[in-house]
Amino acid sequence: MSKARQLADLGNQVDDGAITGSNMVVNGAMTISQRGTSVTGLTGTAFLLDRFAFTNSNHGTWTLSQDPDAPAGFSKSMKMLCTTIDSSVGSNDYSFFLYKLEGNEVQQLASGTASAKSVTLSFWVKSNVTGTFSATLRNEDNNRQCGGAYTVNSSGTWEYKTVTIPPDTVAGYTDDNTLALQIEWWLGAGSTFAGGTLPTSWETSSNADRAGANTVDVGTVTNGYFQITGVCLNVGDSAIDFPHESYGDTLAKCQRYYQRWDGTSTAIASGGIWYGSTIVLGKLNFWVPMRAAPSMTASAADWGSCYDVGTARSTNDNTPFDNVNSLGCRINSNPTTAGTAGRGTMIQLKGSDKVLEADAEL
């Protein structure tokens, strides 16, 4: 890139109110993966790398993975591999990669006003399927969408792409913690989602237009894959350099949406008290405040142990949570063996397959 173009881009970013570091996407470098590093045999929807999801409807079988293959300056990518193809794509078949933003994260766009700003989506992509793909932004508050096409030119090569979306002066976003803006990278779809034309100016949402630029379909290619990293969404009509941040900072941002406690090292979950001979109460504090009161799950009824004078009493409840809010919750467990009311206890996860989860994803 020429020095003149760099200066022009910087001027555009200043004029539009963008500053270096203003990436609205969390975990765009694909470094955080609290849920694990792979999902196999996927035929539906799944989160793997934090904040990003893959959704699939009758469009083959997939393996998702956090992959060490990445372009210079990055150490990880998200890989979506089609292990069983969709040999006859139906009209309602589809697969796409997505990211969701809260309303309070997109107020700087000033959408719905005369001062509305453009926004630029940038990312690195690698695929063995070459051709034109669709990237679509959807205003979920007001049922509107706009997108841009990009082309994978060379098979198996990391390529840098940018898509600039113009301002929307018609409709804005509610300033709250609910879903407002969704970013979609379409891997392939039937006519219901790819039968129209991808809009390059904001329009009332139409399913047929969402993947309208796609000329290829990864889900129909044996061992077809799509990899992505370095995802950035910034205010302005040009991309900024990807603003790397520390692992700890990114992790804390991801934990606003999802937190996990596992028993790999018999991790302590909470302190507590024997409220009765068969009731143990404890408090589980979240690492950071969550977006909203999360859904709480335990992997099995015997997820943990409660101790009474050094003797472990196994838990017997896979829904042991109440009084849940964005800061924490109460553990309300009924051990299989009685303890002594009034005694303090430690509530501990047991076994590598025992997991507690707090999920506040959009």
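Here is a check on your reading of the model: is Ala239 in contact with a helix residue (DSSP H, G or I) (Cβ under 6 Å, 6 or more places away or on another chain), hydrophobic (A, V, I, L, M, F, W, C), at pLDDT 95 or above and farther than 30 Å from Gly351 by Cα?
Here the answer is no, as Ala239 does not meet what is asked.
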- In this structure, does Trp158 turn out to be among the aromatic types (Phe, Trp, Tyr), farther than 14 Å from Lys100 by Cα, surrounded by 16 or more Cβ atoms within 10 Å (Cβ to Cβ) and in contact with a Ser or Thr (Cβ under 6 Å, 6 or more places away or on another chain)? no
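Taking the stretch 120-150, which residues are part of a strand (DSSP E or B) and farther than 23 Å from Asn207 by Cβ?
Thr120, Ser122, Phe123, Trp124, Val125, Lys126, Ser127
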- Message: Return the pair list, or none, for Cβ contacts closer than 8 Å from residues in the stretch 24-51 that are of a type in the set (Phe, Trp, Tyr) to residues that are surrounded by fewer than 22 Cβ atoms within 10 Å (Cβ to Cβ) and not in a loop (DSSP other than H, G, I, E, B), at least 6 apart or on different chains.
- Response: Phe47/Ala53; Phe47/Tyr258
- Item | Hey, Ser299 among the hydroxyl-bearing types (Ser, Thr, Tyr), crowded, with 16+ Cβ neighbours inside 10 Å and more than 26 Å from the chain's Cα centre (by Cα) or not | no
- Across the stretch 265-291, what is the total count of residues that are farther than 23 Å from Arg51 by Cβ and either out of contact with any strand residue (DSSP E or B) (no Cβ under 8 Å at 6 or more places or on another chain) or without any contact (Cβ under 8 Å) to a residue 24 or more places away in the chain (or both)? 4
- Task: Hey, can you tell me all the residues within the stretch 241-256 that are farther than 21 Å from Ile331 by Cβ and part of a loop (DSSP other than H, G, I, E, B)?
- Result: Asp241, Phe242, Pro243, His244, Glu245, Ser246, Arg256
- Note on the structure: Filtering strands (runs of 3 or more DSSP E) wholly in the stretch 269-362 for at least 3 residues that are of a type in the set (A, V, I, L, M) gives 279-285, 344-349, 355-359
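Would you confirm whether any residue within the stretch 134-148 is on the phi > 0 side of the Ramachandran plot and either among the hydroxyl-bearing types (Ser, Thr, Tyr) or under 22 Å from the mean Cα position of the chain (by Cα) (or both)?
yes
The values are calculated or read from the model by the stated rules, or taken from the named source; none is laboratory data. Everything numeric here is computed off the predicted structure, so don't read it as measured data. Virtual Cβ from ideal backbone geometry, glycine too; neighbours counted across all protein chains shown.
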